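**Q** Sharing a structure here in structure tokens format.
The values are calculated or read from the model by the stated rules, or taken from the named source; none is laboratory data. This structure is a prediction, so every number in the text was calculated from the model and none was measured. Because the Cβ atoms are built from the backbone with ideal geometry, glycine has one as well, and the counts that use them run over all protein chains shown. We work out accessible area using only protein heavy atoms, side chains counted, and drop any ligands, DNA or RNA first. Shrake-Rupley method; radii C 1.70, N 1.55, O 1.52, S 1.80 Å.
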Amino acid sequence: MGTVTAHPRSRKPAPAMSNGGIPGKKCGTIILLAEELGNCRDVATLQFCANKLDKKDFFGKSDPFMVFYRSNEDGTFTICHKTEVMRNTLNPVWPAFAIPVRALCNGDYDRAIKVEVYDWDRDGSHDFIGEFTTSYRELARGQSQFNVYEVVNPRKKMKKKKYLNSGTVTLLSFAVESDHTFLDYIRGGTQINFTVAIDFTASNGNPSQSTSLHYLSPYQLNAYTMALRAVGEIIQDYDSDKMFPALGFGAKIPPDGRVSHEFPLNGDAANPSCSGIEGILEAYHRSLRSVQLYGPTNFAPVVNHVARSAAAVPDGSQYFVLLIITDGVISDMAQTKEAIVNAAKLPMSIIIVGVGQAEFDAMVELDGDDIRISSRGKVAERDIVQFVPFRDYTDRGGSQVLSMARLAKDVLAEIPEQFISYMKAHGIKPQPAPPSPDPPGPPTLPALTPCPPPPPTPKPPGDTWGHAGTDLCPEVTGKSQPLTASPPPPMEIGIFGGPRMGGGGISHPLCYPGPRTPHVSPPSPGCAVPSQQGVGGGAKGGSWVSPPPPPPPSYFSTCMDVLCAHGALP
């Protein structure tokens, strides 16, 4: 990639070599082009028909098909789609096809799109009928007079003066929708349910011997533990509750010693779930000490076990992943194929990790990358199996994983595509992501009811008291004025008067008295205390009780502002 992109115009000619690599033998040139793809996730679905195309076949009409080309930045064209061949017709109607907008025009709606029409020939020498150009912006208009194109053969046009065209191509329909990703569904709330199935058959070897794949060494992990930890720690991040059903197959289980191909590792058939990967490993180690490795190796029961759970929620809210860890010897191939074909129509994927040095030909067949598996003449709707040989990711001794990142990539490589294929096949779109929670607001204070008026306070001899209410004392301000500031939570405070205040004192909820506070009756619980004002006429300034703790300075500042506003202070 670096060589291609560094080449002028991102176009790198490379000589083609013969199959045997014979030096000096010319086999043509392969041209590599590189262009950065735009971040466009739209997929366009188009359908075309043609009318009165040229007849090219001597004994018939024509077998027309179309080839779409995307224009490159250097002015060249690259094939991006071929339609199906419509046999023996001059008026074909091609089936609708879907193509990513990125492949069609790389997100540039005005970039030229060239379409060539050919007559198909068996020997590959297809006959050119004609061509036309358009753009994504024009196609997006849909079926209209603007999307009827003349198919023109430039050579014919140059030779024949009366030549008009070689037929017409009409756009019948156009639709575009966003191509949703795996993460769109996860953000929308789809849950991934992870189930583990472990092979307990005798072909793994006696667990008490160091040659066994199940041998529990105090110094290193066995192959099953390494595979389970490596794969499970990746998949568990997509499971919200981290509770994973864990099953075993191919062993004799207590108390009666019957052979089971679907037993819970934790011993609880009603709830085989384990807490996290550590919980699975703990249950696995316990099972090794309590069951007897036996056989045969049957996959179908555990596949059907997960399929039953997946069949209960086909709405796309949950997707199920079954991890099977095995030594590769399978006994029920026909039944397993049938189970996989039936599970292919469910929200489910299967990962098979092969441990040990056995041949995994049967696992490769189940993978179905080359040939989609079938059973009783029925082909699986989707490829839902991914097989990974664990030995390819460990050192020669098999004691440690060489590249966790590469293992994770290969194990999960097909899961997103299999997930999306199910959602598309069933028309399920992702739910909108839930909004981010708002930060918590300030606590709501309970409503307070006014306190009953306090009992009258005995007036010390020689003092003159003001009245209770919302006005500052007339003795201080010379007039009665309402307070302009709303009082904060109740606090009885006062300021001793100086010579200007006649040696008296003021009590107000906005002011802090210093060392003393007026003696008042305590308020009733859950109520607001009304303002108390008073002025003492003598030097004593009234009767006082022990001082309260100092309030915040802002209250004192507010007190000063209020008094200055009423002319009580200079």
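**Q** Does Ala311 count as under 28 Å from Glu417 (Cβ atoms), modelled with pLDDT of 95 or more and not aromatic (Phe, Trp, Tyr)?
**A** Values: under 28 Å from Glu417 (Cβ atoms): yes; modelled with pLDDT of 95 or more: yes; not aromatic (Phe, Trp, Tyr): yes.
So Ala311 passes the test.
**Q** Please indicate, with yes or no, whether at least one residue in the stretch 352-362 is out of contact with any Lys or Arg (no Cβ under 6 Å at 6 or more places or on another chain), outside any loop (DSSP other than H, G, I, E, B), of a type in the set (A, V, I, L, M) and more than 30 Å from Leu221 (Cα to Cα). Explain how you work it out, then say what you get.
**A** Step one: filter the stretch 352-362 for residues out of contact with any Lys or Arg (no Cβ under 6 Å at 6 or more places or on another chain), giving 352-362.
Of the ones still in play, those that are also outside any loop (DSSP other than H, G, I, E, B) are 352-354, 361-362.
Checking which are of a type in the set (A, V, I, L, M) leaves us with 352-353, 362.
Next cut, more than 30 Å from Leu221 (Cα to Cα) only: none.
No, the stretch 352-362 contains no residue that is out of contact with any Lys or Arg (no Cβ under 6 Å at 6 or more places or on another chain), outside any loop (DSSP other than H, G, I, E, B), of a type in the set (A, V, I, L, M) and more than 30 Å from Leu221 (Cα to Cα).
**Q** Take the residues of the stretch 44-76 that are farther than 19 Å from Gln143 by Cα and of a type in the set (Ser, Thr, Tyr): which is farthest from the chain's Cα centre (by Cα)?
**A** Applying the filter and picking the extreme gives Ser62.
**Q** If you go through the stretch 290-329, how many residues are among the small types (Gly, Ala, Ser) and in contact with a Ser or Thr (Cβ under 7 Å, 6 or more places away or on another chain)? Lay out the reasoning, then the answer.
**A** Quick first cut of the stretch 290-329, residues among the small types (Gly, Ala, Ser) only: 290, 295, 300, 307, 309-312, 316-317, 328.
In the following step, the residues that additionally are in contact with a Ser or Thr (Cβ under 7 Å, 6 or more places away or on another chain) were identified as 295, 300, 316-317.
So the answer is 4.
**Q** Out of all the residues in the stretch 158-185, which are open to solvent by less than 20 Å² (accessible area, probe 1.4 Å) and within 20 Å of the chain's Cα centre (by Cα)?
**A** Restricting attention to the stretch 158-185, the residues satisfying the condition of being open to solvent by less than 20 Å² (accessible area, probe 1.4 Å) are 166-167, 169, 171, 185.
Scanning the stretch 158-185 gives a single hit, Tyr185.
**Q** Just one of the numbered conditions (1) assigned to a strand (DSSP E or B); (2) modelled with pLDDT under 95 is not true of Asp110; which one?
**A** The number of the failed condition is (1).
**Q** Related question: Considering each residue of the stretch 307-351, count those that are among the small types (Gly, Ala, Ser), within 30 Å of His180 (Cα to Cα), part of a loop (DSSP other than H, G, I, E, B) and touching a residue at least 24 places away in the same chain (Cβ under 8 Å), and give that number.
**A** Restricting attention to the stretch 307-351, the residues satisfying the condition of being among the small types (Gly, Ala, Ser) are 307, 309-312, 316-317, 328, 331, 334, 339, 343-344, 349.
Retained after the next criterion (residues that are within 30 Å of His180 (Cα to Cα)): 307, 309-312, 316-317, 339, 343-344, 349.
Cutting the leftovers down to part of a loop (DSSP other than H, G, I, E, B) gives us 312, 316-317, 344.
Among the residues that remain, those that are also touching a residue at least 24 places away in the same chain (Cβ under 8 Å) are: 316-317, 344.
The number of residues fulfilling the criteria is 3.
**Q** Say we look at the stretch 66-95 and pick out the residues that are of a type in the set (A, V, I, L, M, F, W, C) and closer than 17 Å to Thr45 by Cα; which of these is modelled with the lowest pLDDT?
**A** Taking the stretch 66-95 as the starting set, the residues that turn out to be of a type in the set (A, V, I, L, M, F, W, C) are 66-68, 77, 79-80, 85-86, 90, 93-94.
If we keep only those that are closer than 17 Å to Thr45 by Cα too, we end up with 66-68, 80, 93-94.
Numbers: Met66: 96, Val67: 96, Phe68: 96, Cys80: 93, Val93: 96, Trp94: 96.
Applying the filter and picking the extreme gives Cys80.
**Q** What are the residues in the stretch 389-401 that are at pLDDT 70 or above and in contact with a strand residue (DSSP E or B) (Cβ under 7 Å, 6 or more places away or on another chain), if any?
**A** Pro389, Phe390, Tyr393, Thr394
**Q** Can you pull out every residue in the stretch 321-343 that is closer than 17 Å to Asn204 by Cα and either touching a Cys at 6+ places or on another chain (Cβ under 9 Å) or of a type in the set (A, V, I, L, M) (or both)? Break it down stepwise before answering.
**A** Start the filter on the stretch 321-343 by keeping residues that are closer than 17 Å to Asn204 by Cα, which leaves 324-331.
Result: Ile324, Ile325, Val329, Ile330.
**Q** Does the stretch 380-400 contain any residue that is assigned to a helix (DSSP H, G or I), charged (D, E, K, R) and open to solvent by 20 Å² or more (accessible area, probe 1.4 Å)?
**A** Within the stretch 380-400 (the criterion being assigned to a helix (DSSP H, G or I), charged (D, E, K, R) and open to solvent by 20 Å² or more (accessible area, probe 1.4 Å)), the answer is yes, since at least one residue qualifies.
**Q** Please determine whether any residue of the stretch 1-9 is at pLDDT 80 or above and open to solvent by 30 Å² or more (accessible area, probe 1.4 Å).
**A** First, the residues of the stretch 1-9 that are at pLDDT 80 or above: none.
No: zero hits.
**Q** Of the residues that sit in the stretch 402-429 and are surrounded by 17 or more Cβ atoms within 10 Å (Cβ to Cβ) and not in a helix (DSSP H, G or I), which one is modelled with the lowest pLDDT?
**A** Looking at the filtered set, the residue picked out is Leu412.
**Q** In the stretch 105-147, how many are touching a residue at least 60 places away in the same chain (Cβ under 8 Å) and either of a type in the set (Val, Ile, Thr) or within 14 Å of Thr168 (Cα to Cα) (or both)?
**A** Matching residues across the stretch 105-147 total 3.
**Q** Exactly one of these conditions fails for Arg87: (1) closer than 19 Å to Lys52 by Cα; (2) not in a loop (DSSP other than H, G, I, E, B). Give me its number.
**A** Unmet for Arg87, out of (1) closer than 19 Å to Lys52 by Cα; (2) not in a loop (DSSP other than H, G, I, E, B): (2).
**Q** Consider Ala246 carefully, then state whether it is open to solvent by less than 10 Å² (accessible area, probe 1.4 Å) and modelled with pLDDT under 90.
**A** So Ala246 fails the test.
**Q** If you take the residues of the stretch 279-298 that are without any contact (Cβ under 8 Å) to a residue 60 or more places away in the chain and open to solvent by less than 10 Å² (accessible area, probe 1.4 Å), which of them is farthest from Leu183 (Cα to Cα)?
**A** Here is the first cut: in the stretch 279-298, the residues without any contact (Cβ under 8 Å) to a residue 60 or more places away in the chain are 279, 281-283, 286, 289-290, 292, 298.
Then drop every residue that is not open to solvent by less than 10 Å² (accessible area, probe 1.4 Å), which leaves 281, 283.
Details: Leu281: 29, Ala283: 32 Å.
Result: Ala283.
**Q** Condition (residue is open to solvent by less than 10 Å² (accessible area, probe 1.4 Å), among the small types (Gly, Ala, Ser) and closer than 21 Å to Ser290 by Cα) applied to the stretch 186-206: is it met by at least one residue?
**A** yes
**Q** Between residues in the stretch 169-195 that are at positive phi and at pLDDT 90 or above and residues that are of a type in the set (Phe, Trp, Tyr) and part of a helix (DSSP H, G or I), which pairs lie under 8 Å by C-beta distance while being six or more apart or on different chains?
**A** From the stretch 169-195, no pairs qualify.
**Q** Residue by residue through the stretch 244-295, note down the ones that are touching a strand residue (DSSP E or B) at 6+ places or on another chain (Cβ under 9 Å), more than 25 Å from Ser217 (Cβ to Cβ) and either among the charged types (D, E, K, R) or not in a strand (DSSP E or B) (or both).
**A** Gly257, Arg258, His261, Glu262, Ala269, Ala270, Asn271, Pro272
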